[in-house]
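Everything on this sheet refers to the single structure shown next.
The values are calculated or read from the model by the stated rules, or taken from the named source; none is laboratory data. Predicted, not measured: the structure shown is a model, and the values here were computed from it. Using ideal geometry, Cβ is built from the backbone for each residue, glycine included, and neighbour counts are taken over all protein chains shown. Accessible surface is based on the protein model in full, side chains and every heavy atom, while ligands, DNA and RNA are left aside. Shrake-Rupley method; radii C 1.70, N 1.55, O 1.52, S 1.80 Å.
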Amino acid sequence: MNKLNDDIDVSFVMSVYNKEFYLPAVLDALINQTGVKNPEYIFIDDVSKDKSVEIIREKMKNIKNVTLVAKEKNEGISITVNQGIMRAKGKWVRMLDSDDILPLNSTEKMIELAQKHNADMVYGTFIKTGKEPHEISSEIMKNDFSYNYKENALDVVLHGRFTRMGQLIKRDVLQKAGGADERVFIQDESIPLRVARLAKGAIKMDANVVLVPRETNNLSKNTNQLDNDRFFAHYYMLKDYIDELSKNEIAKIYEKALSANWKYVKKNLKTPYFTKDFYRYLHAKVCNLAPDFAYLEAIAERFLKLDNVLRSKK
């Protein structure tokens, strides 16, 4: 594959694992993104057992600026996406899962907003379409969407919900933040948090920049995994950066960590409302509380004992 590294405007970074069903349509939408002058495409395969690597090689064989890394050791999503992020050379990075389909003009719209407001981060929403991948690989975003810009990027992240990697981020900011927290298996929660503490300005679009086709086997069905990863993204954020955060930011991150724990407890206990987990979460939601790290560590120990949750394999 040809590799040209001059004047890359957008680096598309994709972590791949057993997604041969989706990849033909996903790659069609990726290749045909509008308004991108000189993109690069970085694919990191986490030891797929299907034909994912072969499909990428065939579909991208006549495309310039392609990097494909077929790993020999399966390590997990966060580690894999970071291996792509650290190879990126573009001004912007747009990450996507290998079952995410991007509306053809979505990257163009996101870059336009970022440049208009000089923002380091742009986020949009996603929609589960229930359609076959090929049915949505040529979708176009409408122009009549609304959006909000704030100079305080962390405030945007802490008061929003960011999943499915529907994001465009300045490459230098993303790399300086270290990408995803590799202690957390799924990257959706940790990347926005870690980047936002360094970013200048964030935009939240009220528009679907990611289209989700009919799902076959998706981690989002394992709610224990989602609760676990959401908890640890916020728990580690507090442990690593508490000295850099404001009192209100610390309280909000603490509340979100307890919210993830409460969601797990509510689903898995017969009488969840008569537990300290409920009262602790309710108290944090109503009041601006400083973190109780002894309590957080007890929650962490409980999550780490779960046997149906995937962990990174460094």
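General remarks:
- For a label point 7 Å along the Cα-to-beta-carbon line of S246, residues of the range 140-177 with backbone N under 13 Å: 151-159
- Shape class of the range 116-219 from the alpha-carbon gyration tensor: oblate, with a/c at 1.5 or above and b/c at least as large as a/b.
- Sorting T80, T216 on solvent-accessible area from highest to lowest, probe radius 1.4 Å, gives T216, T80.
- The residues of the chain present an accessible area of 46 Å² per residue when probed at 1.4 Å with all protein chains retained.
- Vicinal HN-Hα couplings computed from phi for the range 191-205 (Karplus, 6.51 cos²θ - 1.76 cosθ + 1.60; Hz; Gly/Pro x): 4, x, 4, 5, 6, 5, 5, 10, 6, 10, x, 9, 10, 10, 8
- Axis angle, to the nearest 10 degrees, between helix 293-304 and the longest C-alpha principal axis of the chain: 60 degrees.
- Given charges at beta-carbon only (K, R positive; D, E negative), |dipole| of the range 34-179 in Debye: 380 debye
- For E297 and I127, the difference between the fully extended length at 0.36 nm per residue and the C-alpha to C-alpha distance is 57.7 nm.
- Qualifying trypsin sites (Lys or Arg not before Pro) in the range 1-73, DSSP loop, other Cβ atoms within 10 Å at most 11: K3, K37, K49, K61, K73
- Overall, the anisotropy analysis places the range 224-267 in the oblate class: the square-rooted eigenvalues a ≥ b ≥ c of its C-alpha gyration tensor yield a/c not less than 1.5, with a/b not exceeding b/c.
- On full extension, the segment bounded by K176 and N32 gains 48.9 nm, given 0.36 nm per residue less the C-alpha separation.
- Global form of the range 239-306, assessed from the alpha-carbon gyration tensor, a/c cut-off 1.5: oblate
- Per-residue ³J(HN,Hα) for the range 21-33, Karplus 6.51 cos²θ - 1.76 cosθ + 1.60, θ = phi - 60°, Hz, x for Gly and Pro: 5, 8, 4, x, 6, 4, 5, 4, 5, 5, 4, 9, 4
- Dipole size of the chain about its Cα centre, with +1 on Lys/Arg Cβ and -1 on Asp/Glu Cβ: approximately 480 debye, rounded to the nearest 20.
- Gaussian network model of the chain, Cα within-10 Å springs - most flexible of Y295, Y149, Y254: Y295
- Whole-angstrom gap from the range 273-314 to the range 114-146, using each part's C-alpha centre: 33 Å
- Length released on extending from N224 to K91, taking residue separation times 0.36 nm less the Cα-Cα span: 44.3 nm
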